[in-house]
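Asker: Have a look at the structure that comes next, please.
The values are calculated or read from the model by the stated rules, or taken from the named source; none is laboratory data. No experiment lies behind these values; they were computed from the predicted model shown. Glycine also receives a Cβ, built like all others from the backbone with ideal geometry; neighbour counts cover every protein chain displayed. Surface areas here come from the heavy atoms of the whole protein model, side chains and all, with no ligands, DNA or RNA. Shrake-Rupley method; radii C 1.70, N 1.55, O 1.52, S 1.80 Å.
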There are 2 protein chains.
Amino acid sequence: TKRDSVTNLRRSYVRWTVQRIKKEKNVLGVWPLPQDFTSSMEQYPLNPHTFHFGYGKQSVAQRGCSVLDSAFKRYFSLVFPDYSSGRLHNEWTQIKDKPFTAEISVDHDHCDDYPNEESSERYNLSVSERKAVLNAETVWGAVRGLETFSQLVYQDDSGSYFVNKTEIVDFPRFQFRGILLDTSRHFLPVQTILKTLDAMAYNKFNVFHWHIVDDPSFPYQSCTFPNLSSKGAFHPMTHIYTQSDVRRVISYARLRGIRVLPEFDSPGHTSSWGKGQSNLLTPCYRSGIPSGTFGPVNPALPSTYQFMARLFQEVSSVFPDSFIHLGGDEVDFSCWRSNPDIRTFMQKMGFGVDFAKLQAFYMESIVNITSALKKTSIVWQDVFDYHKRVMVEVWRAGCYLCEVRKVAKAGLRVILASPWYLDQPGPTHDWARYYTVWPLAFKGTDKQKKLVIGGEVCMWGEYVDATNLTPRLWPRASAAAERLWSDERRTSNVDQAFPRLQDFRCKLVRRGIQAEPLYIGHCKHEFQGV
Amino acid sequence: TKRDSVTNLRRSYVRWTVQRIKKEKNVLGVWPLPQDFTSSMEQYPLNPHTFHFGYGKQSVAQRGCSVLDSAFKRYFSLVFPDYSSGRLHNEWTQIKDKPFTAEISVDHDHCDDYPNEESSERYNLSVSERKAVLNAETVWGAVRGLETFSQLVYQDDSGSYFVNKTEIVDFPRFQFRGILLDTSRHFLPVQTILKTLDAMAYNKFNVFHWHIVDDPSFPYQSCTFPNLSSKGAFHPMTHIYTQSDVRRVISYARLRGIRVLPEFDSPGHTSSWGKGQSNLLTPCYRSGIPSGTFGPVNPALPSTYQFMARLFQEVSSVFPDSFIHLGGDEVDFSCWRSNPDIRTFMQKMGFGVDFAKLQAFYMESIVNITSALKKTSIVWQDVFDYHKRVMVEVWRAGCYLCEVRKVAKAGLRVILASPWYLDQPGPTHDWARYYTVWPLAFKGTDKQKKLVIGGEVCMWGEYVDATNLTPRLWPRASAAAERLWSDERRTSNVDQAFPRLQDFRCKLVRRGIQAEPLYIGHCKHEFQGV
């Protein structure tokens, strides 16, 4: 009993793909698709008792490398899920298999560093009899390779593990592959963020864009301005991110090769800031007198810039990444316009009645503050119209490639978010919408196209919190993940991607990620739930 | 950074409602709204150490009544969540509060029965100093009253428990308040079903419509025909409901006053049946020869009716409810039409080429089988067009009240599902769509309106499994719950319902139900998640 006409159309299609999955079971393999992937039907058994990860002799990093030591531990559990969950398989303890070694080597020792925009994620993986060899320039590349290796391992019906002979050369298409979480419209418990970082690593995302504060709440607990969260958070004790929470998130992300990009959006989207910091927001006027409400940050007061300088100084030291997101979107000029002090300031500055100039002046000052702190600024595209110095994130709907082109033509770096707004729910069978996106399909020189450094999935928080974040994000974000990592020419066919994505979604479910189904069907191991 | 224009419109509205919640905190109370509810600001402290549920002296049921004994246990944990989760509150062990007793009395002993269509759910609840008195005709009414009582208890900031002086007289508007789960398009683990039964009880739903089998899979493990699941389930061992699973679901539901209504939909929607039962489905023909595909159940063979009689005999004894759902929807005639044996049979029966007559003949036979088994049949509205003897569930979109009216005019009982199809995701702020439904707003006599016995939320499984069922169902189904339980005149204002539903949704989250947020905001206790 269904009203959905798509159902019948899809029925035959699904039958076809199910057959296809069965046939290609062992080579469905890896999501996102590696750049160069050769595998054969030659299969090797893996026994958790005789398998181990180890450092190659020629590797610059050796035992004691935090990133790889902990990755070996994580991926051992991911490669042998039953085994780790305590469900012992009789065979394994009895059979004395010859050992299988996965040998990892890296060229550089970044074991104690943070991943950054120049970090190579390239790796080569070669699986043969009794041995897998994984070579990478950096530990971050090795972590990507371990993820790939874990996806190559499969179980037969009796629960035995296998991996096929495989050769992979892999590297990301785009340097910046982000997911935005909004922790202001709803507070997300730290556990929820960590779980998302896990799923990001499975999808080879490498930037967690933390839209940490906004109008509704200010959960970031600042050392310099503790009132911001004690007055601006939904609750001053239970709905905040302490310094230790933030460190935990950054460190958890680091071990997975994920950068944490903080956003402190201003001058708009700052209602919650005003609760803990008086004289920061613009008092709005009605009929010539203050109405009691407040607008964007007040750009006319020197105290504003002193406050911002101190706040960003703290933020710059707390968040190690060299990028910082300054927001700058959706500034409503009406409150500024109503305020006589603002108008006086504008006259003085020679802005006339052009409030865009006022906003440009404000953003310029903030960018100067963060530049002095050696940070690279990112702003939402709204700022690009009047300010052409910083990296731009394109988010508006419509002809987003027109905007990408304009920004690239101006010689600025671009991050594309428009096609990957996932905060509104949609039927999961619409996943292809997020897959059939061509970020470089605009007229431009090679140099201009290189300025498109990547893309980002945005999960705004109006309707999303810890209860529904995961099924709303995955597997739809996985479609974006492949677009951002893989070769576009080999991953543009939706029909070919469908069974692979179904298979990958089951892998996510097996790993405890509540990724929703794409269509009718089942996973060998269903989500057992809460 | 949002594209959603509704955001700004809603902002002021939400501020207003948040203020309202704060003011009315202690009387937001109960969802769905009781028929008659008086409460005052007079508040009484509750101490888990000195609180207990007990049977009233005049109660027909006494200690040893399975339904109430287990309800007392459940609701003790729900009334005192911190306490039960082990987080002891110093005060409680120190202060020697005077005891508070909740005394429950019922007029009839249905302790070992199943709830049925005639079960009264009426109850009176009176909360005064040191005492709550709950009177009901049946244990099912008492269970509803306990739910109400648990929602009346709240905690202050220090964690202490309180309840206000309250008088409630309550009963459901509709006798039949159902939720359909589809376990064929995706298999739902038993745990997921039980969790849904919990949430149903919190919402005072009383019918679990188990759409247990359909085209994609046959997970019901039949004693009589074990091949149906061993060949027709997604997996013969891990993706089935054993007899013991089914008993567990029925018993879990019973303790919560919930009926389990099984649906074995035929003659369409039966592809999976054919895998384990040969000669059951109609062979389709192409160019005069069998094409190898199969259509609906074959209505021309006597063996079909023998099979159905045996299957329904088993089903009737496994499922104690007096209702049974026979489906009958969306029968595609093209395969019947292609088959020469079917056409011969139709000639013999005098149906000519009217396949609706053939379907009517088939349904008539099945209804006769189930009538002989003393079951009341329900069918989807498709059957009503040619068969006017059984209860009808209206599901098609469009003017569903026209259909309701037609069925009621024909003197048949009606269940309304059309406005409550929740399987497709929608922005949660659309919850009001499921609230502003007026099931009796058709022209008809009082007697006709009484034939509308209730409504049902349908959660079809194309895009839904254990990963996303709960946030997709709740709190949208809660909107339907209030429509089906409460007085329409006092629950027709969306603005008044909004803060109450937000509050109730937080209660669900506190109880571990992954109900998604309605809009920006927070719960005191956020979902801590997986």
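Asker: Somewhere in region A:200-220, is a residue surrounded by fewer than 16 Cβ atoms within 10 Å (Cβ to Cβ) and in a loop (DSSP other than H, G, I, E, B)?
Answerer: At the first step, the residues of region A:200-220 found to be surrounded by fewer than 16 Cβ atoms within 10 Å (Cβ to Cβ) are none.
No, because not a single residue in region A:200-220 is surrounded by fewer than 16 Cβ atoms within 10 Å (Cβ to Cβ) and in a loop (DSSP other than H, G, I, E, B).
Let's see how each residue does on (1) over 17 Å from B:Thr183 (Cα atoms); (2) surrounded by fewer than 24 Cβ atoms within 10 Å (Cβ to Cβ):
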{"position": "B:Asp198", "(1), (2)": "yes, yes"}
{"position": "B:Leu228", "(1), (2)": "no, no"}
{"position": "B:His235", "(1), (2)": "no, yes"}
{"position": "B:Asn279", "(1), (2)": "yes, yes"}
{"position": "B:Cys284", "(1), (2)": "yes, yes"}
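Asker: Only residues that are more than 12 Å from chain B (Cβ to nearest Cβ) and out of contact with any Pro (no Cβ under 7 Å at 6 or more places or on another chain): list them for region A:409-418, please. Spell out the reasoning first.
Answerer: Narrowing region A:409-418 to residues more than 12 Å from chain B (Cβ to nearest Cβ): A:409-416.
Selection gives A:Lys409, A:Ala410, A:Gly411, A:Leu412, A:Arg413, A:Val414, A:Ile415.
Asker: Just to confirm my filter: which helices (runs of 4 or more DSSP H) fall fully inside region B:426-514 and include at least 1 residues that are open to solvent by 10 Å² or more (accessible area, probe 1.4 Å) and either of a type in the set (Lys, Arg) or away from chain A (no Cβ under 11 Å) (or both)? Explain how you work it out, then say what you get.
Answerer: Values: elements: B:432-435, B:446-450, B:469-473, B:476-485, B:494-510.
Qualifying helices (runs of 4 or more DSSP H): B:432-435, B:446-450, B:469-473, B:494-510.
Asker: I would also like to ask the following. Within region A:370-377, can one find any residue that is open to solvent by less than 10 Å² (accessible area, probe 1.4 Å) and either of a type outside the set (Gly, Ala, Ser) or within 24 Å of the chain's Cα centre (by Cα) (or both)? Give the derivation first.
Answerer: Going residue by residue through region A:370-377, those that are open to solvent by less than 10 Å² (accessible area, probe 1.4 Å) are A:370, A:377.
Narrowing further to those that are either of a type outside the set (Gly, Ala, Ser) or within 24 Å of the chain's Cα centre (by Cα) (or both): A:370, A:377.
Checked against the condition, which is being open to solvent by less than 10 Å² (accessible area, probe 1.4 Å) and either of a type outside the set (Gly, Ala, Ser) or within 24 Å of the chain's Cα centre (by Cα) (or both), region A:370-377 yields at least one hit.
Asker: List pairs: first residue in region B:306-332 and within 14 Å of chain A (Cβ to nearest Cβ), second residue of a type in the set (Val, Ile, Thr) and part of a helix (DSSP H, G or I) anywhere in the structure, Cβ distance under 6 angstrom, at least six positions apart or on different chains.
Answerer: That search, which allows pairs on different chains as well, returns B:Leu326/B:Ile366; B:Gly328/B:Val383.
Asker: Could you tell me which residue of region A:332-350 is nearest to A:Val392 (Cα to Cα), considering only residues that are part of a loop (DSSP other than H, G, I, E, B) and over 39 Å from the mean Cα position of the chain (by Cα)? Walk me through how you get there before you give the answer.
Answerer: Applying the first criterion (part of a loop (DSSP other than H, G, I, E, B)) to region A:332-350 yields A:332-333, A:339, A:350.
When the remaining residues are screened for being over 39 Å from the mean Cα position of the chain (by Cα), the result is A:339, A:350.
Working: A:Asn339: 30, A:Gly350: 27 Å.
If we take residues in region A:332-350 being part of a loop (DSSP other than H, G, I, E, B) and over 39 Å from the mean Cα position of the chain (by Cα), then A:Gly350 is nearest to A:Val392 (Cα to Cα).
Asker: For region A:262-277, give me each residue that is within 14 Å of chain B (Cβ to nearest Cβ) and open to solvent by less than 10 Å² (accessible area, probe 1.4 Å).
Answerer: Listed by number, the residues that qualify are A:Glu263, A:Phe264, A:Asp265, A:Ser266, A:Pro267, A:Gly268, A:Thr270, A:Ser272.
Asker: Which one of these does B:Ala408 not meet: (1) under 22 Å from the mean Cα position of the chain (by Cα); (2) at pLDDT 95 or above?
Answerer: The failed condition is (1).
Asker: Another question about this same structure. Can you work out which of the residues in region A:517-530 that are open to solvent by 10 Å² or more (accessible area, probe 1.4 Å) and in contact with a Phe, Trp or Tyr (Cβ under 7 Å, 6 or more places away or on another chain) is farthest from the other protein chains (Cβ to nearest Cβ)?
Answerer: At the first step, the residues of region A:517-530 found to be open to solvent by 10 Å² or more (accessible area, probe 1.4 Å) are A:520-522, A:524-530.
Within this subset, residues satisfying the condition of being in contact with a Phe, Trp or Tyr (Cβ under 7 Å, 6 or more places away or on another chain) are A:522, A:526.
Working: A:His522: 4, A:Glu526: 6 Å.
The extreme case among them is A:Glu526.
Asker: Name the residues in region B:289-340 that are closer than 29 Å to B:Tyr114 by Cα and among the basic types (Lys, Arg), would you? Don't jump to the end; show me each part of the working.
Answerer: Filtering region B:289-340 for residues closer than 29 Å to B:Tyr114 by Cα gives B:307-329.
Scanning region B:289-340 gives a single hit, B:Arg310.
Asker: Could you list, in sequence order, the residues of region A:191-245 that are more than 10 Å from chain B (Cβ to nearest Cβ) and among the β-branched types (Val, Ile, Thr)?
Answerer: Correct list: A:Ile193, A:Thr196, A:Val207, A:Ile212, A:Val213, A:Thr224, A:Ile240, A:Thr242.
Asker: Mind checking which strands (runs of 3 or more DSSP E) fall wholly inside region B:102-171 and carry at least 1 residues that are within 19 Å of B:Lys57 (Cβ to Cβ) and modelled with pLDDT of 95 or more? Outline the logic, then answer.
Answerer: Working: elements: B:123-128, B:131-136, B:161-170.
Where strands (runs of 3 or more DSSP E) fall fully within region B:102-171 and carry at least 1 residues being within 19 Å of B:Lys57 (Cβ to Cβ) and modelled with pLDDT of 95 or more, they are B:123-128, B:131-136.
Asker: May I ask you to say which residue of A:Phe234, A:Phe218, A:Phe225, A:Phe208 is assigned by the TED database to the domain that holds A:Leu469, hydrophobic (A, V, I, L, M, F, W, C), at pLDDT 95 or above and in contact with a strand residue (DSSP E or B) (Cβ under 9 Å, 6 or more places away or on another chain)? So that I can check it myself, show each step before the final result.
Answerer: Working: A:Phe234 fails: in contact with a strand residue (DSSP E or B) (Cβ under 9 Å, 6 or more places away or on another chain); A:Phe218 fails: in contact with a strand residue (DSSP E or B) (Cβ under 9 Å, 6 or more places away or on another chain); A:Phe225 fails: in contact with a strand residue (DSSP E or B) (Cβ under 9 Å, 6 or more places away or on another chain).
Unique residue meeting the criteria: A:Phe208.
Asker: Shifting gears a bit: What do you reckon, is B:Lys388 assigned by the TED database to the domain that holds B:Val367 and out of contact with any helix residue (DSSP H, G or I) (no Cβ under 8 Å at 6 or more places or on another chain)?
Answerer: yes
Asker: Right, here's the next one. Take the residues of region A:177-195 that are in a loop (DSSP other than H, G, I, E, B) and of a type in the set (Ser, Thr, Tyr): which is surrounded by the fewest Cβ atoms within 10 Å (Cβ to Cβ)?
Answerer: Narrowing region A:177-195 to residues in a loop (DSSP other than H, G, I, E, B): A:183-189.
If we keep only those that are of a type in the set (Ser, Thr, Tyr) too, we end up with A:183-184.
Details: A:Thr183: 24, A:Ser184: 27.
Here the answer is A:Thr183.
Asker: Which residue out of A:Phe312, A:Phe319, A:Phe294 is open to solvent by less than 10 Å² (accessible area, probe 1.4 Å) and touching a strand residue (DSSP E or B) at 6+ places or on another chain (Cβ under 6 Å)? Lay out the reasoning, then the answer.
Answerer: Values: A:Phe312 fails: touching a strand residue (DSSP E or B) at 6+ places or on another chain (Cβ under 6 Å); A:Phe294 fails: open to solvent by less than 10 Å² (accessible area, probe 1.4 Å).
Exactly one residue qualifies, and that residue is A:Phe319.
Asker: Only one of B:Gly276, B:Gly268, B:Gly288 is assigned by the TED database to the domain that holds B:Asp329 and at positive phi; which? First the steps, then the outcome.
Answerer: Values: B:Gly276 fails: at positive phi; B:Gly268 fails: at positive phi.
The conditions single out B:Gly288.
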